[in-house]
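Derivation of every value follows stated rules applied to the coordinates shown; laboratory data play no part. Fair warning: this is a prediction, and the values are worked out from it, not measured in the lab.
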Amino acid sequence: MDQVSWLKRRKPGIKDAKRREMPDGLWRKCEGCGEIIYHKELERNLWTCNKCGYHFRISADQYRNS
Ligand SMILES: [Zn+2]
């Protein structure tokens, strides 16, 4: 089950995407433990999962991904 898809369907009644506080592009899934972590949180942790210590590979591409 892809949790990003789940997030997209979370509020089916809201059409205005701008109202969403946390766009899907701002989340990353940890490949170590599967935790979904907020982008800013990862930046703060230097791209390391605070659950399992997994180090994320981040590219410029991912920054632009929305
Ligand atoms: Zn993890």
Starting from the amide H of W27, placed 1.01 Å from N in the peptide plane, find each other amide H under 5 Å away whose residue is 5 or more places distant or on another chain. H39
State the extension gain, in nm to one decimal, for the chain segment bounded by C52 and D2, taking 0.36 nm per residue of separation less the distance between their alpha-carbons. 16.0 nm
Amide H contacts of F56 (H built 1.01 Å from N, under 5 Å, at least 5 apart or other chain): T48, C49
Please list, in order along segment 42-54, the HN-Hα scalar couplings obtained from phi with the Karplus expression 6.51 cos²θ - 1.76 cosθ + 1.60 (θ = phi - 60°), rounded to whole Hz, x for Gly and Pro. 5, 4, 5, 8, 6, 6, 10, 5, 7, 8, 10, x, 4
